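The values are calculated or read from the model by the stated rules, or taken from the named source; none is laboratory data. Since the model is a prediction, treat every value here as computed from it, not as a measurement. As a convention, Cβ positions derive from the backbone with ideal geometry for all residues, glycine included, and neighbour counts pool all protein chains shown. The accessibility values were calculated without ligands, DNA or RNA, using every heavy atom of the protein model including side chains. Shrake-Rupley method; radii C 1.70, N 1.55, O 1.52, S 1.80 Å.
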Protein chains: 2
Amino acid sequence: MERSVLKFGGSSVSDFTKIKNIAEMLSRRVEQGEQLIVVVSAMGKTTDQLMANVSSLTSKPKDQELALLLTTGEQQTVSYLSMVLNDIGVNAKAMTGYQAGIKTVGHHLKSRIAEINPETFDHAFIDNDILVIAGFQGINDDFELTTLGRGGSDTTAVALAASNGTACEIYTDVDGVYATDPRLYKDAKRLEYVSYEEMMEMSALGAGVLETRSVELANNYNISLYLGRTLSNVRGTWIMSQTELLEKKAVTGVALDTHMMHVTISYPLPDNKLLTALFNKLDEGSVNVDMISQIINLEGLQLSFTIKDTDAVQITTILESLTEDFSALDFKINEAYVKISLIGSGMRDMSGVASKAFITLIENDISFYQTTTSEISISCVIDAENGERAVHSLYQAFDI
Amino acid sequence: MERSVLKFGGSSVSDFTKIKNIAEMLSRRVEQGEQLIVVVSAMGKTTDQLMANVSSLTSKPKDQELALLLTTGEQQTVSYLSMVLNDIGVNAKAMTGYQAGIKTVGHHLKSRIAEINPETFDHAFIDNDILVIAGFQGINDDFELTTLGRGGSDTTAVALAASNGTACEIYTDVDGVYATDPRLYKDAKRLEYVSYEEMMEMSALGAGVLETRSVELANNYNISLYLGRTLSNVRGTWIMSQTELLEKKAVTGVALDTHMMHVTISYPLPDNKLLTALFNKLDEGSVNVDMISQIINLEGLQLSFTIKDTDAVQITTILESLTEDFSALDFKINEAYVKISLIGSGMRDMSGVASKAFITLIENDISFYQTTTSEISISCVIDAENGERAVHSLYQAFDI
C-alpha cells in the first residue's frame, strides 16, 4: 500500500474549521488507498501563548521544563485531528513524538533527531489508515521531552518520510517556491521543480519558505519534498535531486534578504590584536558574520561585514566594548543595505553569470558594496532603496 | 533523608499566583531537609476547557485521543511549577506520569495504576530536591497515555507514597475532615484523626472530600494520609489505621447524601419476570442501585431502591421501556429524599447504636423509609426537608 507523509504547519491548523477541512481531505486520500502519516504543529498562536505564560512566571525557565510545556501544543493538535478523523469514519491514531519513536540528541530546545524506529509505524498501521504525529518534538536518552527548534515540524516530517521511504508533502500558507518573492515582482514564476541545493541556498538567503535543515535532510536521504498551499488546487513545487530534473537554467531564482545589517570598522593602524579581539567577541556573543571584506594599507585597516539584523543589540555592545581597549576605533552600523542573490545549479556549467549580473546592476545604476559567490549562487550587498528594482532587472536579464 | 508526597488539586493551582505561593512553601520544606514528590492536577478549569473544545469537534471522541488530550493539562502545570521552583533556587524536575514510571491497566479514561518503579525517583533525586509529577495519568502496555478517572490525582499521590514508603499529604480547599458537613451544622468538629474505614464510608456516603479509591489504596499499603487546606496554618486531618488511633467513639461522623433519588415500583402480581427484566436493564445501563427493599404479598409487588441523581434520565428511560412489556407497572421517581448516615469504627464493639439512632429520629418527628447498616455505619432515607434537622439531632444525641 502506498504510504505518504504530509505535514501541516501551525497556521494550517489554527482553528477547528481548518482541522475539519484537513480531515475531509485526508479522508479522500485514504479512500484512494493510501496510508498516511500526518505531522502537525501546535495550533496557531498556542506556542506564543504558552511562552507568554512562562514570561509571567520566570525570566530564565529551565530548558527541560520549557520543552515539556511546549510539547503540549502539538499533543493537543494531534488529539483533535485524530478525533475528527475517527468521527468521520477514518481509522486514525494520534501519537506524540516519543510515542512515534522519535529519539533526539542535543539541547532540550534545539534537539536533532537521532533515530526513528520504522517498526512503530508498521505496527500502528495494522489497525489504522492514518497516524497523526506531533511535530517538533521527541525524547532524549534521559527520557526527557525535547523540541527540535525552528522549522522542527518540517524536520519531523522529512525524517519520518526518510524512515518510511516515502515522499514528504509540506502544506503551508504559500503556493510553492517562486523564482523570486511575488511581493517584489508580481509576475514571479512559481517553480514546478527545484533542486535541493538551490532550495538550500534560497532558504539560507532569506527566501524563508523552508528551513535549510529540512531540505538538507531530504537531500541526504533523497526524499522528494513537495511544498504547497493547504487545501488548495494550485500545483506547488517539488524539491528533488538535481539529477532528476531535466531542464537546466543558469539562474533559477532571485532572493532578497532584507534582514541584514552592514558593519564597517576603521582603525588607523593595521592591528591584528584588534581583529583577534573582535572575532573572539563575536564568537562569544554567537554573532554569525556572513560576508567579510578587508582593506589593510598604510592608512590603516578597514573591515566590512554583514550580520543578521536580530543581532543588532549584541553587535553594538561588542563594538562599544572594543573602543575601551582601542580608543582610535571608529565603527558604523548600517541597516540601509540588503543582500540580493541569484541562485541556480546551472551556474556550475555556465560561465559569465557573475559578469552578466554585475553589468545588469551597473547599467541600472545600482551600486554594490560587497559580493560573494558560491558554486550555485552570487550575492551582492546593495542599498535597501534599490532592492526591488534590482530584483526586477535581474529577473528580466536572466529570463527566469 | 526524609521523603514526603504532597498533592495539590486543580483549585489549588488555578492561577500563577497560587503556583508561586505553593513553590515558596515547598522551598521552605526543602530547606528543612526534606525530599519532596509533588503531585499536581490540571490548572483550575483547564480540563473543562479542553472538553468544551472536544464537544465542538465530535460527540463521540475516541478514548485514546481524549486521554492524550486531557493529559496535557497536568503536563502544563508540572512545567510551570517546576520552572518557578528553579527560579527561586530549588532544584526541581517536572515529570509526566509515564516519565515517573506510572504504568496503568484498563479503560483509557478510567485506568488503574498497575505498577510504579521506585528506582525512577532515587535516580531523579540525585540532582533534585523536588520532583513535580503530573497526577491523574499514566501509560499502558500499548504505550498509550491514559487517565485515571475521578479523583485520579489523589490516587497518583497515594500510589507514589506507597511505592516510596512515605506519608501522603493531600492539599485542597477544605480544612480537613469534619464530623459532619459544617454547612449543615456550624459547630461541626474537625477531626484530627479518622480511620481508613470510617473515611471510606464517609467518601462513599457523599461526604465527598476524598474518593473512596484513594483511601482504599492508602489502607491497603498502610500509608498515612493527611487532608488539609492549601497554604493554611489550620491543622487538617490524618487518615490512618484504626489500630494507631487511641480514642474510640461509637460515632465519628454524620454524612448527608443529597445526590440521590428514590424509586418505587408497584405491580399487581408477584412477577419474577418483571424483576429480572428490571435488573438486567439497570445493569446494561450501568445504573448502580444502592438501598433496596421489597414487599411481596397477595396484592402484588412493591420494590423501592435508591440511585444516584446523575442517573435520572437513564432510570426514566428504563422504567418507561418496562411498561411496554408490563403494562400494569406503576412507578414513582422521587427526588425529595436524602440519605443520612452515621459512621464510626466503634459501632463494631458498641451495641444499641442503631436503636438510639432510630429513637432520635422518631423523637424528632423525622420519618425514615429505608435503612441499611454495615459494620461501621447506619444509613436512613428520610425526607429532604428533614435533612439538616436530622444532622443536628443525631450530632447532639451521639455527642460527636
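Leaving out ligands, DNA and RNA, what percent of the accessible area of chain B is carbon and sulfur, probe 1.4 Å? The nonpolar share, carbon plus sulfur, comes to 47 percent. Taking a Cβ cut-off of under 9 Å around B:SER11, the surrounding Lys, Arg, Asp and Glu residues balance to a net charge of 0, with basic ones at +1 and acidic ones at -1.
Annotation: amide H-H contacts under 5 Å for B:ARG3 (H modelled 1.01 Å from N, sequence separation of 5 or more, or interchain): B:GLN35.
Calculated [222 nm] ellipticity per residue, helices only, for chain B: -11000 deg cm²/dmol; basis is -39500 (n - 2.57) per DSSP H run with n ≥ 4, divided by all residues, nearest 500.
Listed by chain and number, the lysines whose alpha-carbon sits under 20 Å from that of A:LYS339, ignoring those within fewer than 8 places in the same chain, are A:LYS186, A:LYS308, A:LYS356. Values of log10 I(q)/I(0) for chain A across q = 0.14 Å⁻¹ run -1.24, by the Debye formula with one identical scatterer at each alpha carbon and no solvent.
3J(HN,Hα) couplings calculated from phi for region A:22-28 with the Karplus curve 6.51 cos²θ - 1.76 cosθ + 1.60 (θ = phi - 60°) are, in sequence order, 5, 4, 4, 4, 5, 4, 5 Hz; Gly and Pro show x.
Working from Cα pairs under 8 Å separated by at least six residues, relative contact order for chain A is 13 percent.
For A:LYS273, the lysines whose Cα falls under 18 Å of its own Cα, not counting residues fewer than eight places away in the same chain, are A:LYS281.
Estimated translational diffusion coefficient (Stokes-Einstein, Kirkwood radius over Cα pairs, 4 °C, 1.567 mPa s) of region A:78-118: 109 µm² per second.
The three principal axes of the C-alpha atoms in region B:3-173 carry coordinate ranges of 50, 33, 25 Å, sorted with the longest axis first. When chains A and B come together, the accessible area they lose, probed at 1.4 Å and totalled over both chains, is close to 3600 Å².
How far is B:ASP175 from the same spot in each other copy, in nm, shortest first, if each label point sits 7 Å from Cα toward Cβ? In nanometres, ordered from closest: 7.1.
Whole-Hz Karplus values for region A:84-92 come out as 5, 4, 4, 4, 9, x, 9, 7, 10 Hz, taken residue by residue from phi with 6.51 cos²θ - 1.76 cosθ + 1.60 and θ = phi - 60°; glycine and proline positions read x. Residues considered: B:VAL338, B:VAL177, B:VAL234. Largest GNM mean-square fluctuation over chain B, using C-alpha springs under 10 Å, is found at B:VAL234. In units of the compact-protein estimate 2.2 N^0.38 Å, region A:137-295 shows a Cα radius of gyration of 1.31. Working note: Cα gyration tensor of region A:217-331, eigenvalues times five, square-rooted, sorted largest first, giving semi-axes of 43, 17, 13 Å. Note the distances from B:ASP141 to each other copy's matching label point, with points 7 Å along the Cα-to-beta-carbon direction, in nm, sorted shortest first. Here the equivalent label points are 3.1 nm apart from this one. In the frame of its principal axes, region A:25-79 has Cα extents of 50, 19, 12 Å, reported largest first. Net charge in the neighbourhood of A:ASP257 (other residues with Cβ under 10 Å of its Cβ; Lys, Arg +1, Asp, Glu -1) is 0. Note on the protein assembly as shown: the C-alpha convex hull projects to 44.4 nm² when averaged across all orientations.
When each of the peptides B:341-354, B:70-83 is scored by how many other beta carbons lie within 10 Å of its residues on average, the order from highest to lowest is B:70-83, B:341-354. Could you pull the copy-to-copy label distances for B:ALA52, with points set 7 Å along Cα to Cβ, in nm to one decimal and sorted shortest first? Nearest first, the other copies' label points are 1.7 nm away.
A 1.4 Å probe run over the protein assembly as shown, with the rest of the protein chains in place, finds 44 Å² accessible per residue. Computed from Cα atoms alone, the Kirkwood hydrodynamic radius reported for region B:111-160 is 11.8 Å.
Per-residue mean of foreign Cβ neighbours for B:80-88 is 6 (Cβ atoms of other chains, 10 Å radius). Among rounded, prolate and oblate, which fits region A:333-376 when a ≥ b ≥ c are the square roots of the eigenvalues of its C-alpha gyration tensor, a/c under 1.5 means rounded, and a/b larger than b/c means prolate? It is oblate, given that a/c is not under 1.5 and a/b is not larger than b/c. Only Cα pairs under 8 Å and 6+ residues apart enter the sum, and on that basis the relative contact order of region B:3-173 stands at 31 percent. Of A:ALA94, A:ALA67, A:ALA277, the residue with the greatest mean-square motion in the GNM of chain A, using alpha carbon springs below 10 Å, is A:ALA277.
Below 13 angstrom from the Cβ of B:GLN314, what's the summed charge of the other residues (Lys, Arg +1; Asp, Glu -1)?
Numbers: positive: B:LYS281, B:LYS308; negative: B:ASP283, B:GLU284, B:ASP309, B:ASP311, B:GLU320.
Taking every other residue near B:GLN314 into account, the sum is -3.
In terms of its Cα atoms, region B:131-230 spans 51, 24, 24 Å along the principal axes, sorted from long to short. The lysine pair count for region A:3-173, using Cα distances under 23 Å and pairs eight or more places apart or on different chains, is 17. Peptide A:46-55 shows a mean partner chain C-beta count of 1 within 10 Å per residue C-beta.
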